[in-house]
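Trainee: Please find one structure pasted underneath; my questions will follow.
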Amino acid sequence: MDISDIRKVLIIGGGTMGRQISIPCALAGYNVVIYDIKEDVLKKALEVIPKFLAGFVAFKKITQEEADAAVARINISTNAEEAARDADIVSESVPEDPELKKKVFSQFNRLCPERTVFTTNTSTLLPSMIAADTGRPEKFLAYHFHDIRMTNVVDIMPHPGTAPETVALVRAFAEKTGQLPIMLTKENHGYVFNAMISALFFAAQTLASREVASVEDIDRAWMGVTHMLMGPFAIMDSIGTDTVYHITNYWAQRTKDKQSLKNAEFMKKYVDEGRLGQKVKKGFYDYPNPAFNKPDFLKGAR
C-alpha cells in the first residue's frame, strides 16, 4: 500500500489521545472513525474535538472552514465490524494493559482488510510485546503522539519484525498529517521524550511520596529554575493522573521496586478521589485557573 492509497483512518479508543489523534488526520483530509465500546466516551469526543479545533482557529493555525471540514470527516461507532470496514490504517489508544491491547488487535485483525496497517499509541510498552497477537506483525509498529496542543512531534518505533515498507508508509503518513516523526532505530521503553519525562515523573513522585516537599513546591522548583510554564505534576494533570497512575503501577508491579510501588500508591490516592487532571477540571490542581498559572505562584517573600 502506498501513501496515496490511504483514505480511511480507524482510531480505537475515544479517550484523551484518541480524540486528539483524530484531529490532524481529519485536517489532512482523511475520513476518520473513532471506535469505542462506550457510547458516552464517543459523545464526549464529539463535544471536545470542536473545542480543540476552535483553539487552533483562535491561534490562526487553521481557518474556521478547515475546522468545520475536519469535524465533518470524523465519525464515531460502537460497532467494531462497521468501524473496521475499509480501514487503511489503525491507531490504537486503549489503556496501557498489554493483555487488553492483544485482545483488541486480535479482534480487529479478523475484521480489518488484509492491507490495513496497525499502529499502537502505547506510552511505555514495546510493540514486540504484542506484535504476534496482531496477526500481522510485519504491518505493525508503535506510532506515538504527544499532546497535539503543544507539539506535532510523533515517535515511530518498529519492532524487529516490522517490514521496512510499513515503516516508510507510516513515516509518509506522519508527514502528510503535519507531524514531525522521530524515528527510533531500536525498541526503547518510553521512546525518546517519554523516557526522559518518565525519569522526571519518578523523581517528582518520589519527593512527594516521601514528603520531602509539597506538590506545589516541587513544581515551583522545576518551573523556577528551568523557566518552564509547567512543573511535573501540572504535566501529569495534562496527561491525566489515571493514565500516569496506570503506567506507574504497571512498572511497579513488574519490577516490585519499593519506591515505585510507593509512588503508585501516591498516585492512586488522586485517582480514587476522582482527581484525574485537566479533563475533569481537578487533579493536583483545580482548573480552569490552576495555581501554577497565577502571577504569584513563583513570587518569593519580599
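Trainee: Name the residues in region 82-115 that are hydroxyl-bearing (Ser, Thr, Tyr) and farther than 21 Å from Pro160 by Cβ, would you?
Mentor: The answer is Ser91, Ser93.
Trainee: OK, next. Find all pairs meeting these conditions: Cβ atoms under 8 angstrom apart; at least six residues apart or on different chains; first residue within region 258-269 and closer than 15 Å to Glu211 by Cα and free of Cβ contacts under 8 Å to residues at least 40 places away in the same chain; second residue among the hydroxyl-bearing types (Ser, Thr, Tyr) and crowded, with 17+ Cβ neighbours inside 10 Å.
Mentor: Close Cβ pairs satisfying both conditions: Ala264/Tyr245; Ala264/Thr248.
Trainee: Ok, one more. What are the pairs with Cβ atoms under 6 angstrom where one residue, in region 173-197, is without any contact (Cβ under 8 Å) to a residue 60 or more places away in the chain and the other, located anywhere, is surrounded by 14 or more Cβ atoms within 10 Å (Cβ to Cβ) and assigned to a helix (DSSP H, G or I)? Sequence gap at least six, or different chains.
Mentor: Here the result reads Pro181/Arg171; Pro181/Ala174, each pair linking region 173-197 to a residue that is surrounded by 14 or more Cβ atoms within 10 Å (Cβ to Cβ) and assigned to a helix (DSSP H, G or I).
Trainee: Is there any pair linking a residue in region 75-90 that is in contact (Cβ under 8 Å) with a residue 24 or more places away in the chain to one that is among the polar types (S, T, N, Q) and part of a strand (DSSP E or B), with Cβ under 6 Å and at least six apart or on different chains, and which?
Mentor: Short answer, once both residue conditions are applied: Ala83/Ser77.
Trainee: Next question, about the same structure. Tell me which residues, restricted to region 11-33, are of a type outside the set (A, V, I, L, M), surrounded by 15 or more Cβ atoms within 10 Å (Cβ to Cβ) and modelled with pLDDT of 95 or more.
Mentor: Gly13, Gly14, Gly18, Arg19, Gln20, Ser22, Pro24, Cys25, Tyr30, Asn31
Trainee: Test of understanding: among Thr206, Thr162, which residue is modelled with pLDDT of 95 or more, part of a helix (DSSP H, G or I) and over 15 Å from the mean Cα position of the chain (by Cα)?
Mentor: Answer to the check: Thr206.
Trainee: Can you name the residue in region 270-284 that is part of a loop (DSSP other than H, G, I, E, B) and free of Cβ contacts under 8 Å to residues at least 24 places away in the same chain and is also nearest to Asp237 (Cα to Cα) among such residues?
Mentor: Lys281
Trainee: Quick test of your reading of the structure: Asp36 fulfils all but one of (1) surrounded by 16 or more Cβ atoms within 10 Å (Cβ to Cβ); (2) over 16 Å from the mean Cα position of the chain (by Cα). Name the failing condition by number.
Mentor: Condition (2) is where Asp36 drops out.
Trainee: Since Pro50 meets every condition but one in (1) in contact with a strand residue (DSSP E or B) (Cβ under 7 Å, 6 or more places away or on another chain); (2) within 25 Å of Gln278 (Cα to Cα); (3) in a helix (DSSP H, G or I), which condition does it not meet?
Mentor: Evaluating Pro50 over (1) in contact with a strand residue (DSSP E or B) (Cβ under 7 Å, 6 or more places away or on another chain); (2) within 25 Å of Gln278 (Cα to Cα); (3) in a helix (DSSP H, G or I) leaves (1) as the failure.
The values are calculated or read from the model by the stated rules, or taken from the named source; none is laboratory data. Bear in mind the structure is a predicted one, so any value in this text is a computation, not a measurement. Note that each Cβ is placed from the backbone with ideal geometry, even for glycine, and that neighbours are counted across all protein chains shown.
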